[in-house]
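**Q** Submitted below is the structure of interest, expressed as structure tokens.
The values are calculated or read from the model by the stated rules, or taken from the named source; none is laboratory data. None of these values were measured; they are calculated from a predicted model. So basically every Cβ, Gly included, is an ideal-geometry build from the backbone, and we count neighbours across all protein chains shown.
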Amino acid sequence: MADSLKASILIVEDDSGIAHLERRVLERVGYSATIASTAEEALDRLGRERFDLVLLDYQLGGPVSGLDVYQRLRDRWPDLPAILVTGFSDEGKVIEALRAGVRDVVPKVGDYLEYLPHAAGRVLKAVQAERRLAESEAMLREANEALEQRVAERTAELQRTKELAESANRAKDHFLAVLSHELRTPLAPVLATVQLLERKENLPDDMREPLAVIRRNVELEARLIDDLLDLTGITRGKLDLSFETVDVHQTLREVLEICDRDLQAKRMAVTTELHARRIFVRADPARLQQVLWNVVKNAVKFSPEAGSVSLRTSDGPAGTIEIEVTDTGVGIDPDVLPRIFDAFEQGGRDVTRMFGGLGLGLAISKALVDLHGGSLRAASDGRGHGATFFLSLAAGTAETCRPAGSRAPRASEQPGDREPLRIFLVEDHADTREALAGLLEIYGHQVRSAGSVASALAALADGPFDLLISDIGLPDGSGLDLMREILARSPEGARGICLTGFGMEEDIRKSREAGFLAHLTKPVNVQELEAVVSRVMREPVPVAR
């Protein structure tokens, strides 16, 4: 709309004298005014010219009133404002006109001609303000719509990105799982066979060291696979823990048993001072054992021949158990000490060249301890002065920490003290199956085996067993399904250890849900297997859920 003082006004008035007076007062203040004496002339003018305001006489003569004309105008130009000029002051007609949409009603009384320009200006300014407001609201709506569209597009884009990332993560998880399985599977029979040969009484002496070399390198390869998978899981926050009440002293004994071969190979002396009274902690037993195994293994690895390792426990402040592992090894330089728990940090290139490895064990151990709410730190007087690792965990006595219905392990239940077991071994890889069966039999167990789900279920008729050790990936199904079926068929329940080349956290979780009490990844160290067997046989027998 034009400026209100330059607006064009159409005067609809049948009295030519009044019409000219009205035009004169409007033009005097700057308006452009045009006269139409009839409704038809007004409609014709509006069809050909542009007007900003209409002044309508209420009484145009004849049956058609100014209000009737306004209704006709409004049907064609709904946004055209109008002022009704009337010769009488009937309040009802005024109200009727305002309700019809007329902007103002000016009575033809007194000096209304002087008032008329003010009324026109007020209406025109109000219309301008309304139109600016409408334009602002339209712009705001457009901006909101554009924003909503952008938000919707961005949300959809983020959703697509999230789906792509999740798909990539699933593909990565699948790749890591398959890679883990494919790398571990050929290592399993090699390690089992080597361990079997090492236990042959008639093995020539000159074969023992070559076999030990093979075993150590296979175990190192398996450890590297485990560390890489664990580091990936920790980095991505996908490492799940299953908390139970754990006896720290018992776990330390099991770790020493697993490391016994390496300790003997380096003729290292081991001293233990297990003085803590608060020995029970809430922890994931497998992960706590992994932490302690890493720390002890680290002490053995970096210590010289005929060195020593000492393990001490004590009751710490605020209800903690403090574990110290001290070695007489190469020590840690002061500048390396702050980084000793960083991934791939081994204390310098010369240490890496001398001892090998990727430097992941301590980083993983620190992350696992943090997930348990504890602390792990290291101390050393420098190169050549050994090192001490301090592990602190919240702990309690058997009465304060152990859940109702559980019991502390008895001394008579240490590995090797129990009766031989009837073990049911299910493994589809023939070489691994034969080697593992031979190892278990050397330990005095009775072993019967199967290579598939179907043959395992058929073999259940051959008699009861004390422990199931089953692979997950079987040719005709899953070891998880086998465990569920065995539990369904056995009202008294069954104990089981899951043995697999898949070592991802999701695999471990699924094995626990299926009823397995422990999850071991291939290749399996026989000492670790025996320690896990010992622990599992002390646990309550799972039953069908």
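**Q** What residue, among those in segment 281-339 that are basic (K, R), in a helix (DSSP H, G or I) and touching a residue at least 12 places away in the same chain (Cβ under 8 Å), is surrounded by the most Cβ atoms within 10 Å (Cβ to Cβ)? Steps first, please.
**A** Of segment 281-339, the ones basic (K, R) are 282, 287, 297, 301, 312, 339.
Narrowing the set further to residues that are in a helix (DSSP H, G or I) leaves 287, 297, 301, 339.
Filter once more, keeping what is touching a residue at least 12 places away in the same chain (Cβ under 8 Å): 287, 297, 301.
On the way: R287: 23, K297: 17, K301: 17.
Taking the candidates together, the pick is R287.
**Q** Taking G61 as meeting all but one of (1) of a type in the set (G, A, S); (2) assigned to a helix (DSSP H, G or I); (3) surrounded by fewer than 18 Cβ atoms within 10 Å (Cβ to Cβ), write down the number of the exception.
**A** All conditions are met except number (2).
**Q** Scan A378, A395 and give me the residue that is modelled with pLDDT of 70 or more, farther than 29 Å from V541 by Cα and touching a Phe, Trp or Tyr at 6+ places or on another chain (Cβ under 8 Å). Spell out the reasoning first.
**A** Values: A395 fails: farther than 29 Å from V541 by Cα.
After applying the criteria, what remains is A378.
**Q** Can you tell me which of E427, E505 is at pLDDT 90 or above and not β-branched (V, I, T)? Before the answer, list the steps.
**A** Numbers: E505 fails: at pLDDT 90 or above.
Result: E427 is the single residue among E427, E505 that is at pLDDT 90 or above and not β-branched (V, I, T).
**Q** Step by step: first the residues of segment 37-91, then only those that are without any contact (Cβ under 8 Å) to a residue 40 or more places away in the chain and of a type in the set (F, W, Y), then the one that is nearest to S8 (Cα to Cα). Which residue is that?
**A** W77
**Q** Considering every residue within segment 305-317, establish whether at least one is among the basic types (K, R) and at pLDDT 90 or above. Give the derivation first.
**A** Of all residues in segment 305-317, those among the basic types (K, R) come to 312.
Of the ones still in play, those that are also at pLDDT 90 or above are 312.
Checked segment 305-317: at least one residue is among the basic types (K, R) and at pLDDT 90 or above.
**Q** Being of a type in the set (D, E, K, R) and not in a helix (DSSP H, G or I) is the filter; apply it to segment 244-261 and report the residue that is modelled with the highest pLDDT.
**A** Here is the first cut: in segment 244-261, the ones of a type in the set (D, E, K, R) are 244, 247, 253-254, 257, 260-261.
From what is left, the residues that are not in a helix (DSSP H, G or I) are 244, 247.
Values: E244: 87, D247: 94.
Only one residue tops the list, namely D247.
**Q** For segment 471-523, enumerate the residues that are over 31 Å from the mean Cα position of the chain (by Cα) and under 21 Å from E254 (Cα atoms).
**A** If the condition is that a residue be over 31 Å from the mean Cα position of the chain (by Cα) and under 21 Å from E254 (Cα atoms), then R495 is the only one that fits.
**Q** Go through the residues of segment 182-190 one by one and say whether even a single one is over 22 Å from the mean Cα position of the chain (by Cα) and either of a type in the set (D, E) or outside the structural domain of I442 (by TED's automatic domain parsing) (or both). Give the steps one after another, and end with the answer.
**A** Narrowing segment 182-190 to residues over 22 Å from the mean Cα position of the chain (by Cα): 182-190.
Filter once more, so that each one left must be either of a type in the set (D, E) or outside the structural domain of I442 (by TED's automatic domain parsing) (or both): 182.
Checked against the condition, which is being over 22 Å from the mean Cα position of the chain (by Cα) and either of a type in the set (D, E) or outside the structural domain of I442 (by TED's automatic domain parsing) (or both), segment 182-190 yields at least one hit.
**Q** Out of the residues in segment 438-458 that are modelled with pLDDT of 90 or more and of a type in the set (A, V, I, L, M), which is surrounded by the fewest Cβ atoms within 10 Å (Cβ to Cβ)?
**A** Kept after step one, since they are modelled with pLDDT of 90 or more, are these residues of segment 438-458: 445-458.
This time we only want the ones that are of a type in the set (A, V, I, L, M), so: 447, 450, 453-454, 456-458.
Values: V447: 19, A450: 22, V453: 20, A454: 14, A456: 25, L457: 17, A458: 11.
Residue satisfying both the conditions and the ranking: A458.
**Q** Of all residues in segment 445-476, which are part of a helix (DSSP H, G or I) and either touching a helix residue (DSSP H, G or I) at 6+ places or on another chain (Cβ under 6 Å) or among the basic types (K, R) (or both)?
**A** Of everything in segment 445-476, those that are part of a helix (DSSP H, G or I) and either touching a helix residue (DSSP H, G or I) at 6+ places or on another chain (Cβ under 6 Å) or among the basic types (K, R) (or both) turn out to be V453, A456.
Condition check ((1) over 18 Å from K93 (Cβ atoms); (2) in contact with a Ser or Thr (Cβ under 9 Å, 6 or more places away or on another chain); (3) of a type in the set (A, V, I, L, M); (4) not assigned by TED's automatic domain parsing to the domain that holds A97) across all residues:
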| residue | (1), (2), (3), (4) |
| --- | --- |
| A19 | yes, yes, yes, no |
| R24 | yes, no, no, no |
| V29 | yes, no, yes, no |
| S32 | yes, yes, no, no |
| T38 | yes, no, no, no |
| R45 | yes, yes, no, no |
| D52 | yes, yes, no, no |
| P63 | no, no, no, no |
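**Q** Separate question: Regarding segment 436-448, can at least one residue be identified that is on the phi < 0 side of the Ramachandran plot, among the aromatic types (F, W, Y) and in contact with a Ser or Thr (Cβ under 8 Å, 6 or more places away or on another chain)?
**A** Here is the first cut: in segment 436-448, the ones on the phi < 0 side of the Ramachandran plot are 436-443, 445-448.
Restricting the remaining residues to those that are among the aromatic types (F, W, Y) gives 443.
Filter again for in contact with a Ser or Thr (Cβ under 8 Å, 6 or more places away or on another chain), leaving none.
Among the residues of segment 436-448, not one is on the phi < 0 side of the Ramachandran plot, among the aromatic types (F, W, Y) and in contact with a Ser or Thr (Cβ under 8 Å, 6 or more places away or on another chain), which makes the answer no.
**Q** Quick check on this structure: which one of L499, L480, L529 is touching a helix residue (DSSP H, G or I) at 6+ places or on another chain (Cβ under 6 Å) and in the same structural domain as P186 (by TED's automatic domain parsing)?
**A** After ruling out the rest, the residue left standing is L480.
**Q** Of all residues in segment 485-534, which are of a type in the set (K, R), touching a residue at least 40 places away in the same chain (Cβ under 8 Å) and surrounded by fewer than 20 Cβ atoms within 10 Å (Cβ to Cβ)? So that I can check it myself, show each step before the final result.
**A** Here is the first cut: in segment 485-534, the residues of a type in the set (K, R) are 489, 495, 509-510, 512, 522.
Filter once more, keeping what is touching a residue at least 40 places away in the same chain (Cβ under 8 Å): 495, 509, 512, 522.
Within segment 485-534, R509, R512 meet the criteria.
**Q** Okay, next question. Just for segment 113-143: of the residues that are charged (D, E, K, R), free of Cβ contacts under 8 Å to residues at least 12 places away in the same chain and loosely packed, with under 12 Cβ neighbours inside 10 Å, which one is nearest to R23 (Cα to Cα)?
**A** Looking only at segment 113-143, we keep the residues that are charged (D, E, K, R), and these are 114, 122, 125, 130-132, 135, 137, 141-142.
Right, trim to free of Cβ contacts under 8 Å to residues at least 12 places away in the same chain and you get 130, 132, 135, 137, 141-142.
Keeping just the survivors that are loosely packed, with under 12 Cβ neighbours inside 10 Å gives 132, 135, 137, 141-142.
On the way: R132: 28, E135: 31, E137: 35, R141: 40, E142: 41 Å.
Ranking the candidates gives R132 first.
**Q** I would also like to ask the following. Answer with yes or no whether S136 is modelled with pLDDT of 85 or more and either not aromatic (F, W, Y) or not assigned by TED's automatic domain parsing to the domain that holds G47 (or both).
**A** Working: modelled with pLDDT of 85 or more: yes; either not aromatic (F, W, Y) or not assigned by TED's automatic domain parsing to the domain that holds G47 (or both): yes.
Answer is yes for this residue.
**Q** Touching a Phe, Trp or Tyr at 6+ places or on another chain (Cβ under 8 Å) and either within 25 Å of L529 (Cβ to Cβ) or at pLDDT 55 or above (or both): does that describe A367? Full working, then the answer.
**A** Numbers: touching a Phe, Trp or Tyr at 6+ places or on another chain (Cβ under 8 Å): no; either within 25 Å of L529 (Cβ to Cβ) or at pLDDT 55 or above (or both): yes.
So A367 fails the test.
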